[in-house]
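Since the structure comes first, as structure tokens, the remarks are kept for the end.
The values are calculated or read from the model by the stated rules, or taken from the named source; none is laboratory data. What you see is a predicted model, and the numbers here were worked out from it, not measured in a lab. Cβ: placed from backbone, ideal geometry, glycine included. Neighbour counts: every protein chain shown.
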Amino acid sequence: MGVVHRAYDTRLHRPVAVKLLSPDLTADYTRKQRFLQEARAAARISHPAVAQIFDADEEAGVTFIVMELVEGRTVGDLIKSGDLDVLGTIDIATQVAEGLAKAHELGIVHRDIKPANVMRTPEGHVKILDFGLAKLLDPEVGQGPGGTQQIDSAQLARTQPGIVMGTPAYMSPEQVRGLPVDFRTDIFAMGVLVFEMATGQSPFYRENYLDSFHAAAYEETPAMRSIRPHIPGDLQRIVSRCLQKRPEDRYPNARLLADDLRRVRRDTEAELAQKTSWQQRLADAWAELRHLPPSRMAWYALAAAALGFGLYLSLARIGVGTAIFAAVVAFFLYRHVRNRPLRVQELFVRKASRVPEVRLIVLQQQQFKVVVDRPVAQLYGRLNSHLRACNRKMYSGQPLTLSILHDLPADQFHKMLASPGVQYVRADLLEQKPSGHSV
């Protein structure tokens, strides 16, 4: 479609990206002027999730766009390298939806949302690229039977060198059938984008573009959970609504889509454990006390005797009320310090169990072994970040360590599942029967 160069704006002293469009795409004067008009309109979009367009013009027969220089990786690269987990997918999708909402409010439709047109910076910010370019890729449309419009496939293949195998997988049914499009076309493409980020597969990609057209327009969308069972049900519901064949069945606007994505993120990370009542705490403490080994019971008895003797000596010098208050304070301080490692362990389990890709958590001798669905760099970083945060809350003792495992043989997995240190098992694993395959 064109070549992108890194350049420097000598007037404003800033680096920029300059895209030189292929002459094949700008040979038609009318289409070129329409493109320049739309690119200038897209320059009105000012949003953190949209790469800013600074200029669009023609010089010496070369049509070009000057835009914000975005450093980072495309979502397509992140998908290929397996660097996205579910929470990372939701983060990117939310930012893209917010950027599209701003564009749609200005009456601008992207029409070519796909992984190659979305970048994530090293700081985690998302940028939508190529606003104003999609219209240039519109194929010639002819009149079909009954007043319908038909795409000239030969013209499409001729005017889209190198991308006919990719872009059709992200086109909405109305684009495929040559019907007028509006912002709901972008919402459909958002559904395809989220589907691919979450599963690693595009729902409508086929071996040739005609099959991709047919799949997008007529075939039923596969369920994400049939590919990745850990996908949150609410995320599946959002994607299914985006991918409805009829535009009126999709989200009415991208703002509502962004709100739903934020809600899923919040619910995915929400506290899973309910607060325990004081009656239950007392019952648990008594049950624990009854099952203590004799050696520990002896230490408790000795500590109680020492405390009683100290109180006896103190009562002669201070009032009874002060002595009781000091004893209560000392008891709670001792209990807080003694149980701190256990609470830190429970905190890590709560945090890690909220990550949808986590299958099993086992604690053995201060080391957590976490089994995940697949090796995702972003997931490793997230789990290690949780562990560091928990270790900072330790008052004393050895810090907790972490080992992340995946693709375990079935016998090793079930051996871990039967070990005494199991802290968490994902619900869907409890429903599976043992097999001889890796898990």
query: Taking the condition surrounded by fewer than 22 Cβ atoms within 10 Å (Cβ to Cβ) and either closer than 26 Å to residue 99 by Cα or at pLDDT 90 or above (or both), does residue 196 pass?
result: no
message: Which count do you get for residues in segment 26-44 that are of a type in the set (Asp, Glu), over 12 Å from residue 56 (Cα atoms) and crowded, with 16+ Cβ neighbours inside 10 Å?
response: 0
Qualifying positions in segment 186-220 - without any contact (Cβ under 8 Å) to a residue 40 or more places away in the chain and either touching a Ser or Thr at 6+ places or on another chain (Cβ under 7 Å) or of a type in the set (Asp, Glu) (or both): 204, 205, 206, 207, 211, 219, 220
- prompt: What is the residue count in segment 229-269 for residues that are closer than 14 Å to residue 172 by Cα and either surrounded by fewer than 17 Cβ atoms within 10 Å (Cβ to Cβ) or among the charged types (D, E, K, R) (or both)?
  reply: 7
task: Provide a single number: the residues in segment 206-226 that are at pLDDT 90 or above and in a loop (DSSP other than H, G, I, E, B).
output: 5
message: With in a helix (DSSP H, G or I), among the basic types (Lys, Arg) and more than 20 Å from the chain's Cα centre (by Cα) as the only criterion, which of 241, 184, 262 stands out?
response: 184
message: Step by step: first the residues of segment 196-205, then only those that are of a type in the set (Gly, Ala, Ser) and in a loop (DSSP other than H, G, I, E, B), then the one that is farthest from residue 82 (Cα to Cα). Which residue is that?
response: 202
In segment 74-96, residue modelled with the lowest pLDDT [restricted to those that are surrounded by fewer than 17 Cβ atoms within 10 Å (Cβ to Cβ) and not small (Gly, Ala, Ser)]: 80
